Amino acid sequence: MDTAILIPIFGIIFGCGIALLAIWTGYKRDMILIEKGLYQPDRKEPVGPPGWGFLTAGLILAGIGVGLVASAFAFKMGGRMGVAGFLFLFVGAALLIAYFVARGKKSTPGN
């Protein structure tokens, strides 16, 4: 058997083995902490204000949409590019509206 074919096979086996070992050791650590009564689940802090993901995604999609619409009109590419641009533009605008609605809400604490 050619040794070049064994390299990816061993890579996959050992890569999956390391991932499974990490999961198993984390599980064992959690079980020991639960038995001792010291387990506290991880509490994730919010990255930004409520709706922050809507703002970033909305700005990116709206920017792509404006760029596609502008290029469709500037280079006279036809209706297909303009439709795709308007699709991105309106999805981005919808996400921006969702951000402004979510911005006024208080974030609820996790369980």
List the residue pairs whose Cβ atoms are under 6 Å apart, where the first residue sits in the stretch 84-104 and is touching a residue at least 12 places away in the same chain (Cβ under 8 Å), the second is of a type in the set (Phe, Trp, Tyr) and part of a helix (DSSP H, G or I), and the two are 6 or more positions apart or on different chains. 95/54; 98/54; 99/54
Residue 54 vs (1) loosely packed, with under 10 Cβ neighbours inside 10 Å; (2) in contact (Cβ under 8 Å) with a residue 40 or more places away in the chain: all pass except (1)
Single residue of 33, 68 found to be touching a Phe, Trp or Tyr at 6+ places or on another chain (Cβ under 8 Å), of a type in the set (A, V, I, L, M), assigned by TED's automatic domain parsing to the domain that holds residue 96 and without any contact (Cβ under 8 Å) to a residue 24 or more places away in the chain: 68
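The values are calculated or read from the model by the stated rules, or taken from the named source; none is laboratory data. Not measured: the values here are computed from a predicted model. We place every Cβ from the backbone using ideal geometry, glycine too, and count neighbours over all the protein chains shown.
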